Amino acid sequence: MIQGVILFELFGLVQFCFSQIDTTLKDYFPNHAGNLHVYDDFVDVSHIYTIVSRDILDSTDASAMTYVVQRENTVGFDDTSDHYYTVDSLGNVIEYSSGGWQAHTYLILKANAVQGDSWRADIVTGIVAVVDTTYFGSYLGVNTTFKEISYYLITPTGFNLYNRVFALGLGVTFFGGGEMFDRHYLRAACVDGNLYGDTTVVSVRDNQTSTLPEEIILRQNYPNPFNPSTQIRFTVPKAADVTLKIFNVLGEEVATLAAGREEPGEHAVAWDASKMPSGVYFYRLSAGGFLQTKKMVQMK
């Protein structure tokens, strides 16, 4: 292992990757301070965004439990959010739904799981994780082992919430799909000092100057699934009359989160569903001739 400092660039912005260079592929979740992953976020064929996820903290306690904080933002927008994880000495990964280390947890990866294995990712809400397949392949020029995992509601034959692909040495190469999310594909990464992918487009800066979009954008709520509250973000390029409503699976309106004039830029609204039953809900944004609906799940 050698010490290294690597400089790379994205959209003309400079970012340093400080880390120890380790050429061995040993982690399915190699998320250490200084690492960075860049994803193409496919909302639909005409809406593709760049999401940058940087590891800003990792610390290990006496029990060899590693605490990881990832800071994520969409290039060109002021929408930074932090995501919290712990990784035990075996490589099992726990995700915290929101609110830091005291939030609800999900066991998103069992490091020793093989094809066909399943486990309760969350006993309370009933999310089940299933290893669909494991295989050896290549991604971003790295020949490595992959695990494709699907997450279901209640049973492996139930409602497919979303999917993840973990690659040994690279981390998450795909996230989303299923019934709930956009599709995120890993475009490039800086992992433990090593650069992978198209490094001419890898970058982010802490204080980017945000620009107004040219169209209305409705984002997937976060967290999702949630209990009992979640946040919905949307962006408008110019002042507009906006309504944002929540509906249940019967099509009945259960809440109105926005109804009025909104100024240009990004907006975030929270929905507290503590008085609502568990289940699937839909949120719909209407602004001028724009109308879009997305799906979310509350699980108590």
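The values are calculated or read from the model by the stated rules, or taken from the named source; none is laboratory data. Being a predicted model, the structure only gives us computed values, none of them experimental. Cβ sites come from the backbone with ideal geometry, for glycine too, and all protein chains shown count toward neighbours.
Among Ser229, Ser210, which is among the polar types (S, T, N, Q), at pLDDT 85 or above, under 21 Å from the mean Cα position of the chain (by Cα) and farther than 28 Å from Val142 by Cβ? Walk me through how you get there before you give the answer.
Working: Ser210 fails: at pLDDT 85 or above.
The conditions single out Ser229.
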Exercise. Keeping to the stretch 49-80, report how many residues are closer than 20 Å to Ala268 by Cα, part of a strand (DSSP E or B) and of a type in the set (Val, Ile, Thr).
Key: 4
Quiz prompt | Members of the stretch 239-269 that are of a type in the set (D, E, K, R) and out of contact with any Asp or Glu (no Cβ under 9 Å at 6 or more places or on another chain) | solution = Glu252, Glu253, Glu263
Quiz item: Out of the stretch 43-55, which residues are surrounded by 14 or more Cβ atoms within 10 Å (Cβ to Cβ), among the β-branched types (Val, Ile, Thr) and out of contact with any His (no Cβ under 7 Å at 6 or more places or on another chain)?
Solution: Val43, Thr50, Val52
Quiz item: surrounded by 12 or more Cβ atoms within 10 Å (Cβ to Cβ), modelled with pLDDT of 85 or more and aromatic (Phe, Trp, Tyr), is that true of Tyr28?
Solution: yes
Quiz item: Which residue out of Ala287, Ala268, Ala258 is surrounded by fewer than 16 Cβ atoms within 10 Å (Cβ to Cβ) and outside the structural domain of Thr80 (by TED's automatic domain parsing)?
Solution: Ala268
Self-check item: Among (1) in contact with a Ser or Thr (Cβ under 7 Å, 6 or more places away or on another chain); (2) in a loop (DSSP other than H, G, I, E, B); (3) among the β-branched types (Val, Ile, Thr); (4) surrounded by 17 or more Cβ atoms within 10 Å (Cβ to Cβ), the one test that Val114 misses
Solution: (4)
Practice problem: Would you mind telling me which numbered condition in (1) in a loop (DSSP other than H, G, I, E, B); (2) under 23 Å from Ile48 (Cβ atoms) Thr235 fails? | Solution: (1)
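Is it true that Asp88 is of a type in the set (D, E, K, R), under 20 Å from the mean Cα position of the chain (by Cα) and farther than 15 Å from Gly171 by Cα? Even if it seems obvious, please write down each step before you answer.
Numbers: of a type in the set (D, E, K, R): yes; under 20 Å from the mean Cα position of the chain (by Cα): no; farther than 15 Å from Gly171 by Cα: yes.
When the stated conditions are applied, Asp88 does not pass them.
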Self-check item: Subset of the stretch 251-268 [touching a strand residue (DSSP E or B) at 6+ places or on another chain (Cβ under 9 Å) and either on the phi > 0 side of the Ramachandran plot or not in a strand (DSSP E or B) (or both)]
Solution: Gly251, Gly260, Glu263, Pro264, Gly265
Quiz item: Identify, please: which residue in the stretch 269-291 is touching a Phe, Trp or Tyr at 6+ places or on another chain (Cβ under 9 Å), in contact (Cβ under 8 Å) with a residue 40 or more places away in the chain and in a strand (DSSP E or B) and is, among those, nearest to Gln220 (Cα to Cα)?
Solution: Tyr283
Exercise. Report yes if some residue within the stretch 77-85 is of a type in the set (Gly, Ala, Ser) and buried (at least 18 other Cβ atoms within 10 Å of the Cβ); otherwise report no.
Key: no
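Restricting attention to the stretch 166-173, does a residue exist that is farther than 25 Å from Asp272 by Cβ, of a type in the set (Phe, Trp, Tyr) and touching a Phe, Trp or Tyr at 6+ places or on another chain (Cβ under 7 Å)?
Pass one, the stretch 166-173, residues farther than 25 Å from Asp272 by Cβ: 166-173.
Those still in the list that are of a type in the set (Phe, Trp, Tyr) too: 166.
With the extra rule that they be touching a Phe, Trp or Tyr at 6+ places or on another chain (Cβ under 7 Å), the set shrinks to 166.
Yes, that holds for at least one residue.
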